Amino acid sequence: MRVHVKICGIRDLADALVAVDAGADAIGFVMSDSVRRLTPAEASAIAARLPESVERVAVFRRPRPAEVEAAIGALAACLVQADHDAVGEALGARLVPVYRQSPGVAAAIEADLARRGTARFLYEGPRSGTGETVDWRGAHHLGRLGRMTLAGGLTPDNVGEAIRIARPFGVDVSSGVESRPGIKDPGLIREFVAAVRETERGAAS
């Protein structure tokens, strides 16, 4: 299996290029209130220098329609990541809905994905951006509902175990590759992607 890797909260071109060189599949640009926040113009300047094969993801929580439109205009062919109940269905496959660990989340995911006609979603801890891990065994069952990207508390040290247990479509990291909040560590980015690829090789052998 090949695991999709997203490095989220990128704020400058140098870190974006490190992530791409390491083998990341997607770069996340945070556009909601956060120490990692960028404007659409700032994100666009970075995205313009990335290979077309790398996904650009505009990351929100509960955006206004104008914010989503501005992000799509700035980031060509971007995906929009936002709380599952905050954005309508007009985005179609461009939307990556976010679900957080909570009672009854499995039923919500199954119903929403069926209604939206999409299979991709992100699953994380109760609070975004805080480094809280989720129950990986529980996430394994959720992953059967669609193409789940696992987030929350992942680091170079634990991502391999998370993949082996949860068997996700993809993994998403932000604080786990930072030296301090909002400041990415190039070495940790490389270690994270390398740990994912090493786990893939182990699964294939």
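Restricting to the stretch 73-93, name every residue that is over 26 Å from residue 132 (Cα atoms) and either surrounded by fewer than 18 Cβ atoms within 10 Å (Cβ to Cβ) or basic (Lys, Arg) (or both).
Looking only at the stretch 73-93, we keep the residues that are over 26 Å from residue 132 (Cα atoms), and these are 73-78, 88-93.
Passing the criteria: 73, 76, 77, 88, 89, 90, 91, 92, 93.
Check whether at least one residue in the stretch 151-158 is more than 24 Å from residue 83 (Cβ to Cβ), in a helix (DSSP H, G or I), in contact (Cβ under 8 Å) with a residue 12 or more places away in the chain and more than 15 Å from the chain's Cα centre (by Cα), and report yes or no.
There is no residue in the stretch 151-158 that is more than 24 Å from residue 83 (Cβ to Cβ), in a helix (DSSP H, G or I), in contact (Cβ under 8 Å) with a residue 12 or more places away in the chain and more than 15 Å from the chain's Cα centre (by Cα).
Do we find that residue 168 is more than 27 Å from residue 13 (Cβ to Cβ), modelled with pLDDT of 95 or more and not polar (S, T, N, Q) in this structure?
On the way: more than 27 Å from residue 13 (Cβ to Cβ): yes; modelled with pLDDT of 95 or more: yes; not polar (S, T, N, Q): yes.
Taking the combined requirement at face value, the residue satisfies it.
If a residue must be assigned to a loop (DSSP other than H, G, I, E, B), surrounded by fewer than 21 Cβ atoms within 10 Å (Cβ to Cβ) and in contact with a strand residue (DSSP E or B) (Cβ under 8 Å, 6 or more places away or on another chain), how many such residues does the stretch 159-195 contain? Break it down into steps so the answer makes sense when it comes.
Filtering the stretch 159-195 for residues assigned to a loop (DSSP other than H, G, I, E, B) gives 167-169, 174, 181-182, 185.
From what is left, the residues that are surrounded by fewer than 21 Cβ atoms within 10 Å (Cβ to Cβ) are 167, 169, 181-182, 185.
In the following step, the residues that additionally are in contact with a strand residue (DSSP E or B) (Cβ under 8 Å, 6 or more places away or on another chain) were identified as 169, 185.
Counting residues in the stretch 159-195 that are assigned to a loop (DSSP other than H, G, I, E, B), surrounded by fewer than 21 Cβ atoms within 10 Å (Cβ to Cβ) and in contact with a strand residue (DSSP E or B) (Cβ under 8 Å, 6 or more places away or on another chain) gives 2.
Does residue 143 satisfy the condition of being without any contact (Cβ under 8 Å) to a residue 60 or more places away in the chain, more than 16 Å from residue 5 (Cα to Cα) and either buried (at least 16 other Cβ atoms within 10 Å of the Cβ) or of a type outside the set (Asp, Glu) (or both)?
Values: without any contact (Cβ under 8 Å) to a residue 60 or more places away in the chain: yes; more than 16 Å from residue 5 (Cα to Cα): no; either buried (at least 16 other Cβ atoms within 10 Å of the Cβ) or of a type outside the set (Asp, Glu) (or both): yes.
Spelling it out, it is not the case that residue 143 is without any contact (Cβ under 8 Å) to a residue 60 or more places away in the chain, more than 16 Å from residue 5 (Cα to Cα) and either buried (at least 16 other Cβ atoms within 10 Å of the Cβ) or of a type outside the set (Asp, Glu) (or both).
Based on this model, can you work out whether residue 70 counts as small (Gly, Ala, Ser), within 16 Å of the chain's Cα centre (by Cα) and more than 29 Å from residue 137 (Cβ to Cβ)?
Here the answer is no, as residue 70 does not meet what is asked.
Going by what's in this entry, would residue 120 be described as crowded, with 21+ Cβ neighbours inside 10 Å, basic (Lys, Arg) and under 18 Å from the mean Cα position of the chain (by Cα)? It would help to see each step written out before you state the result.
On the way: crowded, with 21+ Cβ neighbours inside 10 Å: no; basic (Lys, Arg): yes; under 18 Å from the mean Cα position of the chain (by Cα): yes.
Here the answer is no, as residue 120 does not meet what is asked.
Could you please let me know if residue 149 is buried (at least 16 other Cβ atoms within 10 Å of the Cβ), modelled with pLDDT of 95 or more, in contact with a Pro (Cβ under 7 Å, 6 or more places away or on another chain) and not charged (D, E, K, R)?
So residue 149 passes the test.
Would you check if there is a residue in the stretch 15-28 being more than 23 Å from residue 170 (Cα to Cα), touching a Gly at 6+ places or on another chain (Cβ under 9 Å) and of a type in the set (A, V, I, L, M)?
We begin by selecting, within the stretch 15-28, every residue more than 23 Å from residue 170 (Cα to Cα); these are none.
No, because not a single residue in the stretch 15-28 is more than 23 Å from residue 170 (Cα to Cα), touching a Gly at 6+ places or on another chain (Cβ under 9 Å) and of a type in the set (A, V, I, L, M).
Return the pair list, or none, for Cβ contacts closer than 6 Å from residues in the stretch 110-124 that are over 17 Å from residue 150 (Cβ atoms) to residues that are of a type in the set (A, V, I, L, M, F, W, C), at least 6 apart or on different chains.
The qualifying pairs are 110/145; 118/93.
Being charged (D, E, K, R), assigned to a helix (DSSP H, G or I) and surrounded by fewer than 16 Cβ atoms within 10 Å (Cβ to Cβ) is the filter here, so list the residues in the stretch 15-68 that pass it.
Initially, the stretch 15-68 is screened for residues charged (D, E, K, R), giving 15, 21, 25, 33, 36-37, 42, 49, 52, 55-56, 61-62, 64, 67.
Right, trim to assigned to a helix (DSSP H, G or I) and you get 15, 21, 42, 67.
If the condition is that a residue be charged (D, E, K, R), assigned to a helix (DSSP H, G or I) and surrounded by fewer than 16 Cβ atoms within 10 Å (Cβ to Cβ), then 21, 42 are the ones that fit.
Among the residues of the stretch 1-39, which ones are modelled with pLDDT of 95 or more and of a type in the set (Lys, Arg)?
Matches in the stretch 1-39: 6, 11, 36, 37.
The values are calculated or read from the model by the stated rules, or taken from the named source; none is laboratory data. All figures in this text were calculated on a predicted structure; none of them were measured in a lab. Glycine also receives a Cβ, built like all others from the backbone with ideal geometry; neighbour counts cover every protein chain displayed.
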